[in-house]
Amino acid sequence: MQRDILIIGCGIFGAAIAWTMGRRGLGHRVLIVDRQPPASGATSRAAGLVTQVRSDPTLQSLAGETLAAMDVLKGHFGEDVGCHHAGALHVGPLTQQEALTSMLAVCTAAGIPGQWQDKAQVLAQSPWLNPEAFDIAAFFPGECFVDPYLLASAYLRGARQMGARLQLDTRVAHITHHAGAVTGVALEDGTVLPARKVVNAAGAWSNLLSFELGLPLPMAPVRSQYWITERSPEFSPGDPIVFMTDIRAYARPEVGALLFGIRENAPAVAAPRELPENLQGFVFDAADPDGWGNLAEAFEPLSRYFPAIERIGIAHYITGPSNYTPDGQPIVGACAAIEGLLVATGCNGSGITYSAGVGRLITELICGETPFVDASRLDPSRALQVDPFSPAFLQSCAHARATKSTG
Ligand SMILES: Cc1cc2nc3c(=O)[nH]c(=O)nc-3n(C[C@H](O)[C@H](O)[C@H](O)COP(=O)(O)OP(=O)(O)OC[C@H]3O[C@@H](n4cnc5c(N)ncnc54)[C@H](O)[C@@H]3O)c2cc1C
């Protein structure tokens, strides 16, 4: 049978969709195309946090699917995705008590375990934290982090084993349609690949394909970044993830060092049309190529929680585009204006976390089933009036990252 379901992009979303289609017995109908090696876009740059502790039930469910998929990948397919079941601590001052109490209540109601911890318990798990910096702490034992490249590769290997085909060095120039229905994609060399369903999972480049169809996606590639310290004995591989809630920073262990990220006050944002195909060496902000300006801004609050940052050096800096939307919701679903066209992007810094949930949602929509979550707020057509390339819109997406909470 002809492969009539075509997925553009083999990042974590494309791979997870192909995997979920395969689990439904539809793998032999799936073709994934990418112009770059699999997972070489935003995916391989992610910090790998997979966090279900969220106040939004839809996003919580998407994350839950990824946790379940990792169990299947390991149990049935023998795939190790580098998962560290470390749990996550949320720490903060008393001003955060109401928010954290409410998060605990939401999680308890959803069956996600979590409990308050005292300072002695916190310090036993994360000795690098300064006990003077926080008053309250809650621990969520189900949270974890993975190697995002391994997770994407595992989805892809599973999908291929279940019949999906991957075609690399393939540049999609346009999505084609006729009489209100998608017909396939046209490649840059003029070849046409026919398909009855096309999923635009082209990450930070998705808007370049959607916009010309009159379907602007309300998102922009905002700089996401983190730093990894030098190795030091105070960090252990089994340490939990720590969210410093009031300063919008997080940290997790990384091979004997500490990986930490911050949410900047004014994140850099890229003009989508200027984003190169290969992100190697791409600089978001020529005036601050390595994010030192952002780190300097965050240094005082960060060193309150993590005093050792003043003596332990920084060994690595990682950055990449994360697609933020002004409303903080991903963009996942069918495009009403063109039958057979679906979109999966706009991850708001959580694409690894949502991956299998997004895969399931897209699969259910392709199969004409009622989605397992309320996907109305993820609708790709929710802001057709926006100009996603205008400076004002790009800034609204940067603002969404700056103000994003940890939950
Ligand atoms: C520094 C950083 C830290 C992050 N940390 C986390 C985290 O801790 N937890 C978490 O859940 N998320 C995190 N994220 C977000 C996560 O990385 C993204 O949400 C996720 O990788 C997006 O996956 P994707 O498949 O949409 O995009 P990508 O991985 O970028 O894949 C898109 C693919 O589409 C291909 N493509 C594009 N256009 C075309 C075309 N025209 N033709 C053919 N192929 C095309 C590209 O080559 C690429 O391979 C982080 C992101 C960054 C940058």
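Points to keep in mind about this one:
- Helix axis angle, 12-23 relative to the chain longest principal axis, alpha carbon, degrees: 60
- Cross-link partners of Lys119 among lysines (Cα-Cα below 27 Å; sequence separation of 8 or more within a chain): Lys404
- Distance between the stretch 42-119 and the stretch 1-25 - C-alpha centres, whole angstrom: 26
- Beta bridges per DSSP with both ends in the chain, % antiparallel, nearest 5: 70
- Rg and Dmax, both from the Cα atoms of the chain and both in Å, are 20.8, 66.
- Solvent-accessible heavy-atom area per residue, rounded to whole Å², over the chain at 1.4 Å: 39
- Separation between Cα centres of the stretch 152-199 and the stretch 210-256, rounded to whole Å: 30
- The distance between label points at Ala181 and Glu212 comes to 2.4 nm (points 7 Å beyond Cα on the Cα→Cβ vector).
- Carbon/sulfur fraction of accessible area - the chain, other protein chains in place, 1.4 Å, %: 52
- In Hz, Karplus ³J(HN,Hα) per residue of the stretch 137-148 (6.51, -1.76, 1.60; θ = phi - 60°; x = Gly, Pro): 8, 10, 10, 10, x, x, 6, 8, 9, 10, 8, x
- Neighbour cut-off at most 11 other Cβ (10 Å), DSSP loop, GluC sites (Glu not before Pro), the stretch 111-220: Glu188
- Multiplying the residue separation of Thr403 and Asn278 by 0.36 nm and removing their Cα-Cα distance gives an extension gain of 42.1 nm.
- Size check on the stretch 306-382: the Cα extents along the three principal axes, sorted descending, read 57, 21, 18 Å.
- ³J(HN,Hα), Karplus 6.51/-1.76/1.60, whole Hz, each residue of the stretch 225-231, x for Gly, Pro: 7, 8, 10, 10, 6, 6, 5
- For the pair His316 and Glu369, the difference between a 0.36 nm per residue extended length and the Cα-Cα distance amounts to 14.6 nm.
- Residue-wise HN-Hα couplings along the stretch 74-84, as the Karplus relation 6.51 cos²θ - 1.76 cosθ + 1.60 with θ = phi - 60° gives them from phi, are 6, x, 9, 10, x, 8, 8, 9, x, 7, 10 Hz; Gly and Pro carry x.
- Taking amide hydrogens as placed 1.01 Å from N in the peptide plane, the amide H of Val185 sits under 5 Å from those of Thr176, Leu193, Ala195, each at least 5 positions away in sequence or on another chain.
- Against the chain, whose longest principal axis comes from its Cα atoms, helix 351-366 is set at around 30 degrees.
The values are calculated or read from the model by the stated rules, or taken from the named source; none is laboratory data. These figures come from a predicted structure and were not determined experimentally. Virtual Cβ from ideal backbone geometry, glycine too; neighbours counted across all protein chains shown. The area values use the complete protein model at the heavy-atom level, side chains included, leaving out ligands, DNA and RNA. Shrake-Rupley method; radii C 1.70, N 1.55, O 1.52, S 1.80 Å.
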